[in-house]
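The values are calculated or read from the model by the stated rules, or taken from the named source; none is laboratory data. Since the structure is predicted, the reported quantities are computational estimates derived from the model, not experimental observations. For neighbour counting, all protein chains shown are included, and Cβ atoms are generated from backbone atoms with ideal geometry for every residue, glycine included.
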Amino acid sequence: MPGPIDDTLKHLIEWSPQDWVVRGGWSAAPATLIDADIATITGATDKVIHVAGPPDWLLAVDFQAGHDTVAKLPHLLLYNSALFKRHGLRVRSLLVVLHRGADSPQLNGFYERGFPGEPFDVALRYQTVRVREVPPEQWLAGGLGTLPLTPLGDVSETALPGIIAQMKQRIDREAPPSQRADLWLATYILMGMCYPDALIETVLQGVVAMEESVTYQKILRKGEARGIVEGVAKGEANEARKMLLLLGRARFGEPTPEAVAALDALTDVRQLEELGVRLLQATSWQELLGV
């Protein structure tokens, strides 16, 4: 879930980690964020929640918005084991399913792996929160860190304006001024997974000037930086493609339409450079590109 949604969900945990302990079904306890120190594992979160005991324990929260949630269960087991090995504390896993399309009946709170007909070799118990099944009253009564998920709960479109009005009352009353715009921006971004843009803009119109949000500015800067990097990479790929086409014409003659299409589909600079080296040994466009 790269991009604004991923950034938004990270901010929700940062704002009030204790909210996620309660939402997962565990007793309220002091909670703080710590560095996971397992960032070398692909896809692993860089932060986990340290919950005060006794005994102290860790909570790993994993948000899911894609359609491959079941395939992610082995990753939950891996992260759980890696965190225990790294920090020496027992770990609980919380899977937050953000919308109906990411859900599956196989998400039953228990994942096991082993050989058919034999007892399982390894297993993981995890808690699941299906956001769409949570009544809005529960989100509204929870902490500010989970409040932006309220519109994703069991809410009809006709009830949305009233829900937003109740959220505004809480945010105006409890959130520091510096955090209010960030909470509304999080709400705006998360609603984009479930509602059409026109409806979102209508119900949130006039709520806040999101341009004042620190999170909004960070997302903009990330987007600009990503755009610059992508632009440079695209320019380099175009130049490499032009050079490959020029040298290929000199060696093989005019390319076929299939060869041109294959070249146009290549966007990775390293791959194009490898083709440039192979061009010295190839005898035709077909041999070079496999078309």
> Can you tell me which of R125, R92 is basic (K, R), surrounded by fewer than 15 Cβ atoms within 10 Å (Cβ to Cβ) and in a strand (DSSP E or B)?
Replying inline: R125
> Right, R86: surrounded by 14 or more Cβ atoms within 10 Å (Cβ to Cβ), in the same structural domain as W26 (by TED's automatic domain parsing) and assigned to a helix (DSSP H, G or I) or not?
Replying inline: yes
>> Go through the stretch 88-117 and report how many residues are touching a helix residue (DSSP H, G or I) at 6+ places or on another chain (Cβ under 9 Å) and not hydroxyl-bearing (S, T, Y).
In response: 15
> Which condition does A240 not pass, out of (1) under 30 Å from T158 (Cβ atoms); (2) surrounded by 18 or more Cβ atoms within 10 Å (Cβ to Cβ); (3) at pLDDT below 80, if it passes all the others?
Replying inline: (1)
> Which condition number in (1) at pLDDT below 85; (2) more than 25 Å from V122 (Cβ to Cβ); (3) in a loop (DSSP other than H, G, I, E, B) is the one that D7 fails?
Replying inline: (3)
> Hey, Y111 hits all of (1) hydroxyl-bearing (S, T, Y); (2) surrounded by 19 or more Cβ atoms within 10 Å (Cβ to Cβ); (3) part of a loop (DSSP other than H, G, I, E, B) but one; which does it fall short on?
Replying inline: (3)
>> Pairs needed: first member in the stretch 253-271, of a type outside the set (G, A, S); second member anywhere, in a loop (DSSP other than H, G, I, E, B) and at pLDDT below 85; C-beta distance under 8 Å; at least 6 residues apart or different chains.
In response: T256/V291; E258/V291
> Do the conditions hold for L140, that is, is it under 27 Å from F84 (Cβ atoms) and buried (at least 16 other Cβ atoms within 10 Å of the Cβ)?
Replying inline: no
> How many residues, within the stretch 82-118, are without any contact (Cβ under 8 Å) to a residue 24 or more places away in the chain and of a type in the set (G, A, S)?
Replying inline: 4
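Residue by residue, here is whether (1) surrounded by 14 or more Cβ atoms within 10 Å (Cβ to Cβ); (2) within 25 Å of D182 (Cα to Cα); (3) at pLDDT below 95; (4) not β-branched (V, I, T) holds:
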site	(1), (2), (3), (4)
W15	yes, yes, yes, yes
W20	yes, yes, yes, yes
G24	yes, yes, yes, yes
S27	no, no, yes, yes
A36	yes, yes, yes, yes
A39	no, no, yes, yes
L58	yes, no, no, yes
>> Condition first: of a type in the set (G, A, S) and more than 24 Å from V22 (Cβ to Cβ). Can you find one or more residues in the stretch 132-142 that meet it?
In response: no
